[in-house]
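One structure below.
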Amino acid sequence: MDFSDVLASSIHDIKNSLGLILNALNELVNDSNNHIANPRQASLLQHETQRANSALIQLLNLYKLGNAQLVARINEHNLDDFFEDVIAENQATCRALNLELTQTCDSHLTGYFDADLIHGLLNSAIGNAGRYANTKILLSAAIEERYCVIRLEDDGAGFPDALTQCLSAENAAHQLIASDSSRTHLGLYFASRIAALHRTPDGRTGMIRLRNAYTLSGGCFELWLP
Amino acid sequence: MTDEFINKKFLIVDDFSDMRSAIRSILRSLEVTQIDQARDGNDAIAQMTSKRYDVVLCDYNLGPGKDGQQVLEEARHHLLLNIDSIFIMITAENTRDMVMSAVEYAPDSYLSKPFTKEILKRRLDKLFERKADLKKVSKAMIVKDYNAAITALDALIATNPKNLPDLLKLKTEICMTANRYDDAMVIFEQVLSEHEVSWARLGIGKVFYWKKKHQQALEMFQQLIELDPNLVTAYDWLAKTQAELKQFDAAEQTLHAAVKISPRGLKRQQQLGDLALSNGHSEQAETAFTRAVSLARNSALNHPSLLAGLARSKSSNNKHIEALKIIGEITKAFPNQPEALFYKATATAAIKQNQGDTEAAAAAMESAEQAISQCGELANSKLGLEMAKTYAQLGDHDKATALIQSAIANNHDDEEFLMGLVQVCREAGFEYDTETAIREIQQGVVKTNNTGVYLIKQGKFDDAIHLLHEAAEEMPGNKTINLNAAKAMIIKMEKFGASMDDILKVRRYVERVQTLAPQDWRLHEVISRLKNISPTA
């Protein structure tokens, strides 16, 4: 049996379990007669379950990346529409954490990317931002220097300087994993690899950037897609 | 408009009862009330047969038996889904590879597990909105009025909606079906001038292929595979192009690579089996047919030719006893079908011949002749080919030649079929010069057609009708001849009035084409013109 088959089949099982946990929690949270669970605790459980799910997808994709099996299927997408999809998936958790998740972009703006990959990437990034944000998380997009730039900002304390500086060097994210395999770093490493799968024949390659205090006071995760 | 799905009928298909109840409770929380459940593929098909559902939520992984893709194939094949029904495939793993491998029977949407109430709601809202927007287009597509569909789509495109990229892609698909290659090409080039997108590049390759620029098509598909080694459709098209260029070994290699990426494609496994057998790689053929037979077991797309192919390849590997056993399964799997009897007979003949029992082989061919005569005048040209191949194997070259000539005449403008024909002759080790025969017969048919058209222009309707009628009787399986015979009569009737007899005659031509190729792009015009004619005498 091929390892990727074992992995796929395990992931199928785990995802079924996560799905059931999520739905059971959802019912608990919405059941006014329920006196067992504290709704806030249940919401946090929901949040963590979704993060476990994102981590699982990330794991599978990292495995595929390692075997050069991961290719970006690039299509043109309307960003307003795409953001609404992302928000639909994350709104409930953000609400439970008392965070306001919104998006802003020109309603006719389009970008070229693999919607599945970028969606998964943004799910992880929102999950991450949810741990640092005070009251809000903002998604936005714009065309800058012939790139489609997707930004995810929060109003938390911002990224540590070491991280923003580290990423300013080209492709430095690839070395991140060697220095520190913490969850944040693994996530950034993964994000930079996914971004780099987006390439154009004229030599432009996707990348990620980190900065602080863009329009909100906290961290700003940027995805530059050619 | 949102929440349009509340009053719709839903079917949930999952082998795991907890999952079914979880999905049901999500639907309930969205105020959906009409919810049925199915525990496996057979259960799902049974329920879809007795009731029309608006939305089917089907898990891809359904345990032993049919998988979600096979449920979808069977549902579409037996028309269990209305044009405005929605089929959503629920998958645990990444859906991306499936999207590209299920080109022919694609679901309306994929949903990856686990999903929440909010995601399902948004997905349903979007799908219903899209169906509503495309209502005019779908209506035109049902009656195969491709030009009307494109006009309706152009009107939508002109409003510059958010899903413009999807609409442009849809337009190219309809243009390709309608043989409007140049219109499709404009869009492909426009899209590619903005950004590299694989469906547009694939589209250009297909246009090259259909315009017989095979070398350019080849390069395009190779380039695509280099960019994305998992793009399985590009392999399929590359193999087709290579076969067209007579690079049969290369085509086999290409398909071999494709089944490694996506081993569940039934048609691809069968094509690989056929190619390997004609290339003399009988072991590879056996592997491919074994897979095809096992994939087909639960599938609506199962066909007697698969077991026949497996039996033939086993026999080529000197496993005659096993081969004969497999043949016994053909009529069990397809009881009371003349086509199955036919495949059983021809495969038996081939095996008996391999065993050196020429008498038994000849007897089997007699049963094959009987079976094919029961299939009617429009007996699938593929059966004729299978028969020719077997006669050639048995050394009866006169019969094989006659069958091949009639197959060419019936399909003189069907490139794909003719390519298969060349392959079959090669497989049978048949010395007959197929390509010269194709060219000569094509010229004959084209000449008849042109003369017919010329006579119509000259106003000599009766001469034209007589000529085309004779040709259509000689080649009842030739779509172009039948359509032109129909057109000649229609033009005459439009000018001079019609008798009921004439109308019935035209209907017979049209019905032939409908049976042979229900999707033929030329049918709509003929049918709608015929509808406007009423008998005057």
With respect to B:Tyr60, is the statement that it is open to solvent by 40 Å² or more (accessible area, probe 1.4 Å), of a type in the set (Ser, Thr, Tyr) and in the same structural domain as B:Leu127 (by TED's automatic domain parsing) true? yes
Quick test for you: out of A:Leu7, A:Leu62, A:Leu70, A:Leu56, pick the one residue that is of a type outside the set (Gly, Ala, Ser), within 27 Å of A:Ala196 (Cβ to Cβ), open to solvent by less than 60 Å² (accessible area, probe 1.4 Å) and more than 12 Å from every other protein chain (Cβ to nearest Cβ). A:Leu62
Could you tell me which of the residues B:Asp183, B:Asp154, B:Asp166 is within 14 Å of chain A (Cβ to nearest Cβ), surrounded by fewer than 19 Cβ atoms within 10 Å (Cβ to Cβ) and touching a Lys or Arg at 6+ places or on another chain (Cβ under 9 Å)? B:Asp166
Output the residues belonging to the range B:22-79 that are within 14 Å of chain A (Cβ to nearest Cβ), touching a residue at least 40 places away in the same chain (Cβ under 8 Å), outside any helix (DSSP H, G or I) and within 14 Å of B:Phe5 (Cβ to Cβ). B:Leu30, B:Leu57
Only one residue in B:Lys171, B:Lys136 is open to solvent by 50 Å² or more (accessible area, probe 1.4 Å) and in contact with a helix residue (DSSP H, G or I) (Cβ under 6 Å, 6 or more places away or on another chain). Which one? B:Lys136
Checked pairs for the range B:406-435, first in a helix (DSSP H, G or I), second of a type in the set (D, E, K, R), C-beta under 6 Å and 6 or more apart or across chains, list as B:Met419/B:Glu244; B:Val424/B:Lys389
Answer yes or no: is there a residue in the range A:100-108 that is open to solvent by less than 30 Å² (accessible area, probe 1.4 Å) and not hydrophobic (A, V, I, L, M, F, W, C). no
Among the numbered conditions (1) modelled with pLDDT under 85; (2) closer than 30 Å to B:Lys162 by Cα; (3) open to solvent by 40 Å² or more (accessible area, probe 1.4 Å); (4) of a type outside the set (Phe, Trp, Tyr), tell me where A:His77 comes up short. (1)
Out of B:Val191, B:Val207, I need the residue that is in a helix (DSSP H, G or I), touching a Phe, Trp or Tyr at 6+ places or on another chain (Cβ under 6 Å) and not acidic (Asp, Glu). Which one? B:Val207
Among residues belonging to the range A:125-137 that are open to solvent by less than 30 Å² (accessible area, probe 1.4 Å) and out of contact with any Cys (no Cβ under 8 Å at 6 or more places or on another chain), point out the one that is nearest to A:Arg209 (Cα to Cα). A:Ala125
Looking at B:Asp228, B:Asp249, which is the one that is closer than 26 Å to B:Glu435 by Cα and not assigned by TED's automatic domain parsing to the domain that holds B:Thr177? B:Asp249
Considering only the range B:306-402, give the helices (runs of 4 or more DSSP H) lying wholly within it that have at least 3 residues that are open to solvent by 50 Å² or more (accessible area, probe 1.4 Å) and on the phi < 0 side of the Ramachandran plot. B:320-333, B:338-355, B:358-373
Taking the criterion of being hydrophobic (A, V, I, L, M, F, W, C) and farther than 17 Å from B:Ser305 by Cβ, would at least one residue in the range B:342-361 satisfy it? yes
Within the range B:291-305, can you find the residues that are part of a helix (DSSP H, G or I) and surrounded by fewer than 16 Cβ atoms within 10 Å (Cβ to Cβ)? B:Ser294
Looking across the range A:73-97 at residues that are within 13 Å of B:Lys126 (Cβ to Cβ) and of a type in the set (A, V, I, L, M, F, W, C), the single one that is farthest from the other protein chains (Cβ to nearest Cβ) is A:Phe82
Name the residues in the range B:1-41 that are among the β-branched types (Val, Ile, Thr) and open to solvent by 60 Å² or more (accessible area, probe 1.4 Å), would you? B:Thr2, B:Thr33
Say we look at the range A:192-216 and pick out the residues that are touching a strand residue (DSSP E or B) at 6+ places or on another chain (Cβ under 9 Å) and part of a helix (DSSP H, G or I); which of these is farthest from the other protein chains (Cβ to nearest Cβ)? A:Ser192
Exactly one of (1) open to solvent by less than 10 Å² (accessible area, probe 1.4 Å); (2) more than 14 Å from chain A (Cβ to nearest Cβ); (3) more than 20 Å from the chain's Cα centre (by Cα) is unmet by B:Thr241. Its number? (3)
Taking the range B:494-508 as the region of interest, how many residues are in a helix (DSSP H, G or I) and open to solvent by 10 Å² or more (accessible area, probe 1.4 Å)? 10
Is it fair to say B:Asp18 is acidic (Asp, Glu) and away from chain A (no Cβ under 14 Å)? no
Is it fair to say A:Asn23 is more than 22 Å from A:Arg193 (Cα to Cα) and part of a loop (DSSP other than H, G, I, E, B)? no
Assigned to a helix (DSSP H, G or I), open to solvent by less than 10 Å² (accessible area, probe 1.4 Å) and more than 30 Å from B:Tyr181 (Cβ to Cβ): which single residue out of B:Ala258, B:Ala276, B:Ala234 fits that description? B:Ala276
Segments classed as strands (runs of 3 or more DSSP E), wholly inside the range A:70-174, with at least 2 members that are under 27 Å from A:His47 (Cα atoms) and aliphatic (A, V, I, L, M): A:136-144, A:147-154
Per the filter on the range B:116-150, residues among the β-branched types (Val, Ile, Thr) and away from chain A (no Cβ under 11 Å) are B:Val137, B:Ile142, B:Val143, B:Ile150
Tell me which residues, restricted to the range B:75-86, are open to solvent by less than 30 Å² (accessible area, probe 1.4 Å) and within 17 Å of the chain's Cα centre (by Cα). B:Ala75
Any residue at all in the range A:31-38 that is more than 11 Å from chain B (Cβ to nearest Cβ) and buried (at least 17 other Cβ atoms within 10 Å of the Cβ)? no
For the structure I just gave you, tell me whether B:Glu189 is open to solvent by 20 Å² or more (accessible area, probe 1.4 Å) and either of a type in the set (S, T, N, Q) or touching a helix residue (DSSP H, G or I) at 6+ places or on another chain (Cβ under 8 Å) (or both). yes
If A:Asp114 satisfies all but one of (1) under 14 Å from the mean Cα position of the chain (by Cα); (2) within 21 Å of B:Glu196 (Cβ to Cβ); (3) more than 10 Å from chain B (Cβ to nearest Cβ), what's the number of the condition it fails? (3)
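The values are calculated or read from the model by the stated rules, or taken from the named source; none is laboratory data. Being a predicted model, the structure only gives us computed values, none of them experimental. All Cβ positions, even for glycine, are placed from backbone atoms using ideal geometry, and neighbour counts span all protein chains on display. Surface areas here come from the heavy atoms of the whole protein model, side chains and all, with no ligands, DNA or RNA. Shrake-Rupley method; radii C 1.70, N 1.55, O 1.52, S 1.80 Å.
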